[in-house]
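Have a look at the structure below before the remarks.
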Amino acid sequence: MSTTTAVVRKNTYFDSVSLMSVSTKANGLDGVEQAFTAMGTEMNKGVLENLGLLTDELRAAESGDLMIVVVAADGSDTEALLAEVEDLLTRKAPASAGAAEVTYRTVASAAAGIEGANLAVIAVNGAYAAREARKALESGLHVMMFSDNVAVEDEIALKNLAHDKGLFMMGPDCGTAIINNVALCFGNKVRPGSVGIVAASGTGSQEVSVRVHALGGGVSQLIGTGGRDLSERVGGIMMVDGIRALAADPATDVIVLVSKPPAASVEKKVLAEVAAAGKPVVVWFIDGSEEAVTAAGGHFAADSLQAARKAVELAGITGPAVEEFDAGAAAAEVVARLAEGQKYVRGLFCGGTLCDETMYAVRDAGLDVWSNIQKDPGFRLPAGSASRGHTFLDFGDDDFTNGRPHPMIDPALRIERIVEEAGDPEVAAIVLDFVLGFGSHEDPVGTTLPALREARRIAREAGRHLEIVAYVLGTDLDTPSVVAQSDALRAAGVTVTLSSTETGRFAREIAKKAQA
Amino acid sequence: MEDPIGAPSIPVLSGDGRLLDLLSSLRGTGSVHSVFTRVVNLLTPGGTLIALAARGSGDAPRTLVADVAAWSAYQLGAGLGVTFATGNIALDRSPALRRPLRLATAGARAWRPAAPSLAPLPPGALARAADAVARICRVHGPLGGMLGARPGAGPMEAAVVRALHTGRDLLLAGLRTGEEERTRDGVLALLGLGPGLTPAGDDFLTGLVLVAALPGSRLDGFPPLLRDLLAVRGDRTTALSLATLSEAAEGRVRSELLGLVALLAHGNPTGAGPAATGPRPGTAPAATPGGGPRPGELHASVREVLAIGHSSGGDLLSGLVAGLRLEEELRGPL
């Protein structure tokens, strides 16, 4: 028999988005039959009373108090469950004086207090990030700056300062790095190895690192630069320093560069470093051209999978044989099941580069694609708009994250959109990514599965087959592992692709054939 | 401890004109009520709840929009003191920080919303507007409140949604027949119902009472009834919701919602900021015969309201749609 337990937090206020997020996560905990968080108003207490769940403690709650009710399954440890729910609330708790324990209040005191510390991660509001980063650099610390909204002038000054001091200035807006086998911010647990990565793209570098791992290779260092590093103004200061560092690193045999195409003058500068590196350098400039890379003696990669394969091959590693995915044949099977009028692919992504790679694969087949991150303003879709034709949305873009957590942490917005897209009779396939690893949601697939089931139900009741395609970016060493998350998707009838590149190819073939 | 704040004071960019008027002569000590990433709520010396919103937020009743990206960096906390003086508000922070955070209200743009009238619209226009808004809500509206339970929702959420629908039906029946007792029961069945800080039932009431508070409404008996009820039964909901409802009963709501009503009234948004989202790319919106809102504009305006909170936008619009339909019904065919 299930048991009900509850706590009341006096005068505690959460915004509705946080409350809903906590409630969703709490309902996903093992042993929880149902969990409910609400303010202690008379009407909410009335609902609980009707359900037979109103305890004396809840009865005493007032309108300004937060009620947390947990109905635990038979045999569950109710106290432990309640502690987990309270923990969720604590992690969501807004800043309040004296509530949070801060061990070190300044970068300088942290550096002084931790023997051997040589790197600071700056994740404060963008308005103060530059000042904190400058202090860290002046204290002799490398910097990884997760903060965004930092002025480009500050970025240039900080990178020049770091360069002069022989330090790294990774960022601003740098979300991924693996330094000495420690993943920082959003990163995956990959095997240590001989492939060094310098990247101006967060999920792009995550993808290359997990593919290298899957192919039997390992990562020596993954150095993030921040998305603006290869712009004309910043001039690739960090990427050049990163290449030089890896060229001098005895543990690195092969270097991989990941970025959107750089400004022409910066590309020239970067390729000069490629030529001088003295080691093989694989260059994946997303949507970039081969000619200049080859002329500089670099190894051009057209996609993320090719970048990883070339890197592993150049490192002399023979990994497990990988069966080539016949995207054309698989797409033909899907399209044969579609109803009249189902012709479009809708991509709903957490990772910007993963979105880019699939979107460009479809666009390169000569099809029109709409997106919130489209370079062509004629095909740009603002975040609040309904989908149109083949649509690819990056939910991690600023448009969607303004005032909300990144979808890799809180997938609620994307979950709503999945159900919405399923109701569109023109939709043939929904394509998704799930990003695992440090910093990400603890069970992104599990929290999305109810919406996937609902999407399929909506299509089925309308007499349509809805193809759901998903790629899980992660490794067997991540928690949860890529294997467990992929199995859960397959069990729900989702087609699971094995790389970002494969996802793009499959989406392209479905789009081509469905629209033919 | 080191102070993370560089600037001596933060300018308030815009604010509710009525609130700015009040602040110009307000002296004394209040307190911080609650702190969120983008909003900090304060209690004035008289106990009135007011909001400090971050840059980019829409104007709203009892709200000041300050030139900050977010409040998280400022180490503010519930219960800390707030000093109100001429031209500025000083917020105490963590005891380790000596300097308070000062907000300068001088120079803030005063937002003085004017509630438009829907009375001049021709017969059928209100019902058509309600249908158009409801259609967009059905496709884009978040579930979890008046629009229905989310897929896979547990018994508690399902029970809340059932109670919301029961309360809504009771209230609308009361308003339709003019029975005050039934109307009161309907309000009390919704007040404070739902999980959020502004419960879904209150959001519905806000949308509905806004229609009733517009000039020329046939539901003009509802705002005073609601105000009376709030005066004696305000403890049935949260302080924030009580403040929002009290203002809505005077036709004063957030700029996004008021912008939508203005769009329905005039075919163009007035008294509201520019819409955050435009029409779909490549589709030039066609003017609607008869001067109603253009489809692209309406879509963008509704989506702006839907973006409020988690399910608040959908619940506000459910109330608005119910109010528009009731207004049309009470007007009759002529």
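Each value in this text was obtained by applying a stated rule to the coordinates, not by laboratory testing. Just so you know, these numbers come straight off a predicted model, no measurement behind them. Quick reminder, even Gly has a Cβ in these numbers, built from the backbone with ideal geometry, and neighbours come from all protein chains shown.
Structure values in brief
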{"read-out": "Average partner coverage of B:74-82, which counts Cβ from other chains inside 10 Å", "value": "4"}
{"read-out": "Protection proxy ranking, peptides A:376-388, B:201-213, average beta carbon neighbours within 10 Å, highest first", "value": "B:201-213, A:376-388"}
{"read-out": "Whichever lysines have a C-alpha closer than 18 Å to that of A:LYS10, once near sequence neighbours (fewer than 8 apart) are set aside", "value": "A:LYS45, A:LYS92"}
{"read-out": "Share, in percent, of DSSP beta bridges within chain A that are antiparallel, nearest 5", "value": "30 percent"}
{"read-out": "Order by protection proxy (mean Cβ within 10 Å, highest first), peptides A:491-500, A:128-137", "value": "A:128-137, A:491-500"}
{"read-out": "Reduced Cα scattering model of the range A:460-507, Debye log10 I(q)/I(0), q = 0.29, 0.30 Å⁻¹", "value": "-1.06, -1.09"}
{"read-out": "Rel. contact order, % - alpha carbon contacts under 8 angstrom, at least six apart, chain B", "value": "18 percent"}
{"read-out": "Counted charge near A:ASP303, where neighbours are those whose Cβ lies closer than 11 Å (Asp, Glu -1; Lys, Arg +1)", "value": "-2"}
{"read-out": "Net charge over other residues, Cβ less than 9 angstrom from the Cβ of A:PRO172 (K, R count +1; D, E count -1)", "value": "-3"}
{"read-out": "Percentage relative contact order, the range A:182-322, counting C-alpha pairs under 8 Å, at least six apart", "value": "26 percent"}
{"read-out": "Longest to shortest principal axis, alpha-carbon extents of the protein assembly as shown, angstrom", "value": "85, 68, 61"}
{"read-out": "Local electrostatic count at B:GLY77 - Lys and Arg +1, Asp and Glu -1, tallied over other residues with Cβ under 13 Å", "value": "0"}
{"read-out": "Chain A - percent relative contact order, Cα under 8 Å, separation 6 or more", "value": "11 percent"}
{"read-out": "Between helix B:200-213 and chain B: long-axis angle, C-alpha atoms, 0 to 90°, nearest 10", "value": "70 degrees"}
{"read-out": "Burial order of peptide ranges B:224-232, B:170-178 (average beta-carbon count within 10 Å, highest first)", "value": "B:170-178, B:224-232"}
{"read-out": "Cα shape, the range A:2-97, gyration tensor, a/c 1.5 rule", "value": "oblate"}
{"read-out": "Cα gyration tensor category, rounded, prolate or oblate, for the range A:318-463 with a/c compared to 1.5", "value": "rounded"}
{"read-out": "Between helix B:239-248 and chain B: long-axis angle, C-alpha atoms, 0 to 90°, nearest 10", "value": "50 degrees"}
{"read-out": "Euclidean distance of C-alpha centroids, the range A:465-481 and the range B:109-172, integer Å", "value": "37 Å"}
{"read-out": "Under 26 Å from the Cα of A:LYS512 - lysines, other chains or at least 8 residues apart", "value": "A:LYS260, A:LYS343, A:LYS375"}
{"read-out": "Base-10 log of normalised Debye intensity for chain B (one unit scatterer per alpha-carbon) at q = 0.12, 0.13, 0.14 Å⁻¹", "value": "-0.86, -1.00, -1.13"}
{"read-out": "Shielding score for B:254-260, defined as the mean number of other chain Cβ atoms within 10 Å", "value": "0"}
{"read-out": "Exercise: per-residue mean of other protein chain Cβ atoms within 10 Å, A:43-50", "value": "6"}
{"read-out": "Whole-angstrom gap from the range A:329-348 to the range A:387-453, using each part's C-alpha centre", "value": "19 Å"}
{"read-out": "Chain B: angle of helix B:222-233 to the longest principal axis, Cα-based, in degrees nearest 10", "value": "50 degrees"}
{"read-out": "Percentage of interatomic Cα-Cα distances in the range A:406-494 larger than 19 Å", "value": "36 percent"}
